[in-house]
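The values are calculated or read from the model by the stated rules, or taken from the named source; none is laboratory data. Source: prediction; values computed, not measured. Counting neighbours? That spans all protein chains shown, and the Cβs are built from the backbone with ideal geometry, glycine included.
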Amino acid sequence: MTYTPHPDRYARMTYRRCGATGLKLPAISLGLWHNFGFDTPHQTKRAICQTAFDHGITHFDLANNYGPPPGSAETAFGDILKTDFAGMRDELIISSKAGYHMWNGPYGEWGSRKYLIASCDQSLKRMGLDYVDIFYSHRFDPDTPLEETMMALDHIVRSGRALYVGISSYSTQRTREAHAILKSLGTPCIIHQPSYNILNRWVEADGLKDALKELGMGSIAFVPLAQGLLTNKYLKGIPAGSRATQGKSLSPDIITDEAIASLNALNDLATKRGQTLAQMAIAWVLRNGGITSALIGASRPEQVVDCLGAIANLDFTPEELAAIDKISLERDINLWAKSSSD
Ligand SMILES: NC(=O)c1ccc[n+]([C@@H]2O[C@H](COP(=O)([O-])OP(=O)(O)OC[C@H]3O[C@@H](n4cnc5c(N)ncnc54)[C@H](OP(=O)(O)O)[C@@H]3O)[C@@H](O)[C@H]2O)c1
């Protein structure tokens, strides 16, 4: 069926300036890490993207390796661009990244110029695009000079493959270095994509949030729902079909009785605020404007709609924040800790 976007979509969303740039991002963005591979029906993928866009989500985040298999999320999104979003390219912010393993041999991962430029070309081909809006270095490469990685990003912009560049899971120190190199090259580093949620606060401990503000960089927090932990999904245990049952990135081992009790206590707090747990978790990430956009994932369109409800109340009282801090002991869920400590 032909898709017609909702006429009120832009009134339904709040847009926030990405650091000191001219680019505005929706307060909530959609990521295609999971649920966009060959193991998900194409109709479901289309429905999730359509629902997102109908509610003003203009930003879709991809990476070379999203699937399974790697690359298939970009291929699926390329199809959706042709069918549902045809003629709407100028209304969309599409990002991709390179850094993790994508093909065999010495040129298929990390941060060399060889890998980044080849991977960007592959991503553009899979999506059928002339350019992406944002291209990221997906992780810091300790074995490649940072200058080389940043010069590759600069080249990607100058050659018209991307409009803006960013970095993901870089430590505060490496972020400062990357920002300075890109500034000297004349291509600003406009955005950092870190993991951040109530249960994983490394961006605060590392001083990254403050540094981004000082540098005029924007930020987009991935896994704001801790891969689904911070939703109503696991309040009674591990339901069939959930990510924790799929042998992917969310280990069922961390969903202990003690963790479930703590999630239920957070859920009670959310209920008192008139929010679902997912809504409170997203509002917490976006509180005080410290983060530009919350980058969610979804396996069903209804989840996107629930998450969007967060925008109605992004304010917390000091008492609410203290209560959240007391309940939510930081958990060992940061799969990206190694990258951000190199
Ligand atoms: N830069 C990086 O290194 C990096 C790494 C990881 C992710 N990311 C980006 O961040 C995006 C989001 O990651 P994520 O999917 O792990 O984020 P998330 O938003 O923390 O978790 C999404 C999962 O939570 C569940 N969920 C979402 N909304 C729900 C709701 N309202 N009620 C109940 N359950 C709900 C769904 O789980 P079920 O599938 O179980 O239903 C969904 O798949 C990725 O797509 C990617 O773009 C970037």
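A few notes on this one:
- Among (1) farther than 28 Å from Glu258 by Cα; (2) surrounded by fewer than 21 Cβ atoms within 10 Å (Cβ to Cβ), the one test that Lys326 misses: (1)
- Selected residue (criterion: surrounded by the most Cβ atoms within 10 Å (Cβ to Cβ)) from residues of the stretch 242-257 that are part of a loop (DSSP other than H, G, I, E, B) and within 12 Å of the ligand (Cβ to nearest atom): Leu250
- Scope the stretch 25-52; condition more than 11 Å from the ligand (Cβ to nearest atom) and not in a helix (DSSP H, G or I); matching residues: Leu25, Pro26, Ala27, Gly37, Phe38, Asp39, Pro41
- Look at the stretch 83-103: where a residue is on the phi < 0 side of the Ramachandran plot and in contact (Cβ under 8 Å) with a residue 60 or more places away in the chain, no partner that is in a strand (DSSP E or B) and away from the ligand (no atom under 15 Å from the Cβ) sits 6+ places away or on another chain with Cβ atoms under 8 Å.
- Residue pairs meeting the criteria (Cβ under 8 Å; at least 6 apart or on separate chains; first within 14 Å of the ligand (Cβ to nearest atom), in the stretch 290-319; second of a type in the set (Phe, Trp, Tyr)): Ile291/Tyr196; Leu295/Phe222; Gly297/Trp33
- Test: residue in the stretch 99-115 that is within 16 Å of the ligand (Cβ to nearest atom), of a type in the set (S, T, N, Q) and at pLDDT 95 or above: no
- Some residue of the stretch 258-274 being away from the ligand (no atom under 13 Å from the Cβ), in contact with an Asp or Glu (Cβ under 9 Å, 6 or more places away or on another chain), in a helix (DSSP H, G or I) and among the hydrophobic types (A, V, I, L, M, F, W, C): yes
- Residues in the stretch 125-140 that are aliphatic (A, V, I, L, M) and either within 19 Å of the chain's Cα centre (by Cα) or within 14 Å of the ligand (Cβ to nearest atom) (or both): Met127, Val132, Ile134.
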